[in-house]
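Scroll down for the structure; my scribbles are underneath it.
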Ligand SMILES: [Zn+2]
Ligand SMILES: [Zn+2]
């Protein structure tokens with residue numbers, strides 16, 4: 001079967017829309033016709049840094065769409081089902097069996113190589129292999145091969161053109177709060193950087209009754225949006241030292257914090273703004289090696305610094321939980337989203353790269 005995919009052929013280049021061949025689903029795989037796909041910072045990172053061995057590749061990992069065909073062994077979904085695509089996992093290792101699939105023993109090969117575990121790819125063009133299984137989906141494509149593991153069935157009445165980001169960016173921020181930090185109502189929380197991940201953390205914090213909710217971001221527009229989504233206080237770090245300000249607002253320091261950049265100075269601030277005890281969830285990504293210095297004397301007094309991938313989410317449970325909060329009007333993640341047609345993917349990537357919009361979502365039905 002043919003489909004149209006946005007192919008990265010060299011690092012830093014624009015993506016080219018190409019007609020490619022897509023395989024039929026293997027026994028545990030699912031063919032999905034996409035309705036939308038978010039653009040996530042991990043996609044931008046690979047576009048900027050891809051090596052010759054990683055291309056040609058179709059990126060994208062926040063797809064949502066309709067199942068068109070399933071492999072012989074698939075039981076969880078059937079053609080016609082509406083699904084949100086998320087990160088991939090094996091389902092059988094010790095961590096997957098214990099519902100810690102964010103730390104699947106095969107997380108890296110299953111999500112970051114763009115190939116299946118056996119090295120093969122569902123996409124090709126005139127016999128040329130194109131890596132087409134990024135995060136088990138490669139969602140910058142009209143049709144994708146996903147797996148039974150990484151699709152989550154959702155109600156057909158839901159707006160599929162909005163749901164893609166629930167599979168990565170939104171679940172990363174919301175899950176850091178709801179799954180990892182799990183604060184009591186009334187807990188103080190500080191969120192560093194109000195992009196789509198940080199603002200998802202803010203909405204989740206508001207949904208569970210955190211107070212105060214303090215957001216640190218240099219952009220006025222994002223601080224304003226943070227207030228609209230539940231922040232009680234906002235800080236411009238270019239004008240005010242966030243650690244001092246958070247201690248003044250809370251009296252004791254924040255009960256918990258989320259940092260979304262991964263920059264060493266920001267991680268340190270997110271740790272130093274905490275009371276005792278307190279917990280900082282670090283979700284920002286700045287490469288596989290990213291050293292920082294922290295004050296062990298400060299950490300010693302009951303403070304925790306924890307790294308969080310994909311919001312510690314069990315997707316089959318957490319994606320429905322976010323949808324339920326959305327339907328109750330307590331998690332308005334649609335306010336983060338700007339939709340653009342798939343054909344404008346390079347404009348969407350450029351706008352995301354320059355922070356001109358919070359969350360770009362490509363739509364496939366034009
Ligand atoms: Zn696993
Ligand atoms: Zn992502």
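Each reported figure results from applying straightforward, stated rules to the coordinates on display, with no laboratory input. Keep in mind the model is a prediction, meaning the values are calculated, not measured. As a convention, Cβ positions derive from the backbone with ideal geometry for all residues, glycine included, and neighbour counts pool all protein chains shown.
Points to keep in mind about this one:
- DSSP beta bridges fully contained in the chain are about 55 percent antiparallel.
- A full extension of the chain between residue 33 and residue 276 corresponds to an added length of 82.5 nm, given 0.36 nm per residue minus the alpha carbon distance.
- Dimensions of segment 171-310 based on its C-alpha atoms, expressed as ranges along the principal axes with the largest first, amount to 36, 32, 32 Å.
- Proxy reagent accessibility, fewest Cβ within 10 Å first, across 288, 279, 203: 288, 279, 203
- Relative contact order of the chain, pairs being alpha-carbon contacts under 8 Å that are 6 or more residues apart, as %: 17 percent
- Gain in span if fully extended, residue 126 to residue 295, counting 0.36 nm per residue against the direct Cα distance: 55.2 nm
- Helix 196-207 and the longest principal axis of the Cα set of the chain meet at an angle near 60°.
- Placing pseudo-labels 7 Å out from each Cα toward the beta carbon at residue 156 and residue 304 gives an inter-label distance of 4.3 nm.
- Across segment 51-198, the relative contact order, built from alpha-carbon pairs under 8 Å that are at least six residues apart, equals 28 percent.
- Euclidean distance of C-alpha centroids, segment 342-366 and segment 2-56, integer Å: 15 Å
- The rule of thumb for compact globular proteins, 2.2 N^0.38 Å, goes into the C-alpha radius of gyration of segment 3-155 0.97 times.
- At R0 = 41 Å, FRET efficiency that the Cβ-Cβ distance of residue 252 and residue 317 yields, to 0.05: 0.80
- Put a dot 7 Å past the Cα of residue 236, heading toward its Cβ, do the same for residue 221, and the two dots end up 1.6 nm apart.
- The C-alpha atoms of the chain define a longest principal axis, and helix 315-327 lies at about 70 degrees to it.
- Look at 298, 354, 247, 82 and count the other Cβ atoms within 10 Å of each Cβ; fewest to most, that gives 354, 298, 247, 82.
- Rel. contact order, % - alpha carbon contacts under 8 angstrom, at least six apart, segment 163-284: 25 percent
- Chain lengthening between residue 354 and residue 184 when straightened (0.36 nm per residue, less Cα-Cα): 57.6 nm
- Mean ellipticity per residue at 222 nm, deg cm²/dmol - from DSSP H runs of n ≥ 4 across the chain, formula -39500 (n - 2.57): -7000 deg cm²/dmol
- Pairwise label distance in nanometres, residue 11 with residue 66, each label 7 Å out on the Cα-Cβ vector: 4.1 nm
- Evaluated at q = 0.06, 0.10 Å⁻¹: base-10 log I(q)/I(0), Debye formula over Cα of the chain: -0.21, -0.59
- Exposure proxy shown here: for 241, 43, 334, 118, the number of other Cβ atoms within 10 Å sets the order, fewest to most, as 118, 241, 334, 43.
- Taking the convex hull of the alpha carbon positions in segment 174-226 and averaging its projected area over all directions gives 3.0 nm².
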